[in-house]
C-alpha cells in the first residue's frame with residue numbers, strides 16, 4: 001500500500017471511479033505511456049504486479065485486480081498477485097526476483113491501493129515510474145514497475161492499518177473493475193502490435209532475437 005503524494009498533473013493522471021469517462025481516459029493514459037516506452041516491434045513481455053493482501057479490505061485492490069485479469073483470460077504467467085496467490089510485503093522481494101529470472105527485460109505495470117486526502121478518495125491514478133509499496137504503513141519495500149496504477153481507497157495520516165481494515169469493499173471492488181478492464185484492453189492492444197500473432201489468451205510474452 002502506497003501513500004499518495006501531491007505531484008504535478010503532468011506526472012500523475014487521476015480520475016474518479018464515478019466519472020463515466022474514467023475507463024476510456026485511463027486506457028488512453030496507459031496507451032500513451034506504454035507507446036513511449038515500448039517502440040515497435042514490441043520485444044518485452046508485459047507483466048502485471050498486483051500488490052496487496054486479501055486479509056485487509058483496503059489493501060485488497062491489487063489481488064482483486066489480478067484475479068479479475070485472470071478471469072478475463074490474460075496469460076496467468078503475466079499476472080503476479082491474485083486473491084489466491086497474493087504478492088505482499090512478505091514475498092515481494094522473492095516475487096520480483098522470480099519474475100525477472102523467468103522473463104527477459106519485462107515491462108512491469110504495478111497496481112496497488114493507497115491512502116490520501118479525503119477529497120481524493122475514489123480516485124484512480126496512473127503514473128510513470130516505479131511504485132513504492134509500503135510507504136503508507138511505514139514499510140521499506142523494493143520499488144517495482146515501469147509505470148504504476150493506484151487507487152486511493154481511504155484517508156491517510158492516522159492509524160493506517162485500522163483505516164485499511166475499515167475501508168468499504170464497494171469502493172475497492174469498483175476500482176478493481178475499472179482498472180482490470182483498462183489493463184486488459186491495453187494488454188490485448190499491445191499483443192496485437194507485437195511481432196507475433198497473439199493467441200486468444202492475450203499473451204504478451206514475445207521476445208526478439
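Structure summary
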{"item": "Residue 27 touching a residue at least 12 places away in the same chain (Cβ under 8 Å), within 17 Å of residue 183 (Cβ to Cβ) and over 12 Å from the mean Cα position of the chain (by Cα)", "result": "yes"}
{"item": "Residue within the stretch 33-45 that is in a helix (DSSP H, G or I), at negative phi and within 16 Å of the chain's Cα centre (by Cα) present", "result": "yes"}
{"item": "Some residue of the stretch 32-41 being touching a residue at least 12 places away in the same chain (Cβ under 8 Å) and out of contact with any strand residue (DSSP E or B) (no Cβ under 9 Å at 6 or more places or on another chain)", "result": "no"}
{"item": "Number of positions in the stretch 72-84 that are part of a loop (DSSP other than H, G, I, E, B) and touching a strand residue (DSSP E or B) at 6+ places or on another chain (Cβ under 9 Å)", "result": "3"}
{"item": "Output for the stretch 110-122, where each listed residue is outside any strand (DSSP E or B), touching a residue at least 60 places away in the same chain (Cβ under 8 Å) and touching a strand residue (DSSP E or B) at 6+ places or on another chain (Cβ under 6 Å)", "result": "120, 122"}
{"item": "Test for residue 65: is it at pLDDT 95 or above, closer than 20 Å to residue 157 by Cβ and either assigned to a loop (DSSP other than H, G, I, E, B) or touching a strand residue (DSSP E or B) at 6+ places or on another chain (Cβ under 7 Å) (or both)", "result": "no"}
{"item": "Test: residue in the stretch 48-60 that is in a helix (DSSP H, G or I), under 20 Å from residue 163 (Cα atoms), modelled with pLDDT of 95 or more and in contact with a strand residue (DSSP E or B) (Cβ under 9 Å, 6 or more places away or on another chain)", "result": "yes"}
{"item": "Hey, residue 94 under 27 Å from residue 35 (Cβ atoms), free of Cβ contacts under 8 Å to residues at least 60 places away in the same chain and either touching a helix residue (DSSP H, G or I) at 6+ places or on another chain (Cβ under 6 Å) or part of a helix (DSSP H, G or I) (or both) or not", "result": "no"}
{"item": "The one condition in (1) at pLDDT 70 or above; (2) more than 20 Å from residue 39 (Cβ to Cβ); (3) surrounded by 21 or more Cβ atoms within 10 Å (Cβ to Cβ) that residue 184 fails to fulfil", "result": "(3)"}
{"item": "Pick from the stretch 126-140, criterion crowded, with 24+ Cβ neighbours inside 10 Å and more than 11 Å from the chain's Cα centre (by Cα), ranking: modelled with the highest pLDDT", "result": "133"}
{"item": "Single residue of the stretch 163-181 satisfying the filter (in contact with a helix residue (DSSP H, G or I) (Cβ under 9 Å, 6 or more places away or on another chain) and modelled with pLDDT under 95) that is surrounded by the most Cβ atoms within 10 Å (Cβ to Cβ)", "result": "164"}
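Let's see how each residue does on (1) surrounded by fewer than 19 Cβ atoms within 10 Å (Cβ to Cβ); (2) assigned to a helix (DSSP H, G or I); (3) out of contact with any helix residue (DSSP H, G or I) (no Cβ under 7 Å at 6 or more places or on another chain):
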{"position": "101", "(1), (2), (3)": "yes, yes, yes"}
{"position": "124", "(1), (2), (3)": "no, no, no"}
{"position": "142", "(1), (2), (3)": "yes, no, no"}
{"position": "161", "(1), (2), (3)": "yes, yes, no"}
{"position": "190", "(1), (2), (3)": "no, yes, no"}
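The values are calculated or read from the model by the stated rules, or taken from the named source; none is laboratory data. Keep in mind the model is a prediction, meaning the values are calculated, not measured. Don't worry about glycine lacking a Cβ; one is built from the backbone with ideal geometry, like all the others, and counts go over all protein chains shown.
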